[in-house]
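Have a look at the structure below before the remarks.
Just so you know, all these numbers are worked out from the coordinates, no wet-lab data involved. Please read all numbers here as calculations on a predicted model, not as lab measurements. When we count neighbours, we look across all protein chains shown, and the Cβ atoms used for this are built from the backbone with ideal geometry, even at glycine.
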Amino acid sequence: MIHGIADGLTAGLVSFVNTDTLEVEEIFKDIIVYPGDIDEEFEEGELDDEFNEWKTMEFKFHKWENYIEIHPIESFESFKIMEGFVYNLPESHLKNQLANALNRKKPFANFNHIIHNCELKQDWLDYQIAQLENHVYDLLREYLPD
């Protein structure tokens, strides 16, 4: 479950975890509709057709009494993960390139360009998912009973 949620975070999914059954529902953050939200914000006829469709969407979490939401991490948290990866690399020209990428404008784009075109790509992906798994574990441990 933890790995699946962490993997979903990399894709921008929000995970809803039923704290009673541990069932998980993952939804793209842009389409989440909370019960009652739309009716309160818009008067009849103000919504376009696409949004009216969203209004009728029903997600599993709507029926759950107890759940937690796990949202994708913030950019500064992603940046810290990248820094941690670079910090733990052995001294090399590639480590210096990645460190420099993080200190220039557009650090995410620069880092990704380098990392996805080098032999460390899989190491990075493994490190990133492990860090996200730790994040998810910490959140679940905080909200779920022992």
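Things worth noting here:
- Within-13-Å neighbourhood charge of His3 [Cβ basis; K, R +1; D, E -1]: -4
- Low-density loop positions, trypsin sites (Lys or Arg not before Pro), the range 73-114 - DSSP coil, at most 16 other Cβ in 10 Å: Arg104, Lys105
- Set of lysines near Lys60 by C-alpha distance (under 20 Å), chain-local residues within fewer than 8 positions excluded: Lys29
- Other-chain or far-sequence residues with amide H under 5 Å of Phe59's (modelled H): none
- Order of Ser92, Ser78 under a 10 Å beta carbon neighbour criterion, fewest first: Ser92, Ser78
- Net charge, Leu89 excluded, C-beta distance under 9 Å - Lys, Arg +1, Asp, Glu -1: -1
- Summing Lys and Arg as +1 and Asp and Glu as -1 over all other residues whose Cβ lies under 9 Å from the Cβ of Phe16 gives a net charge of -3.
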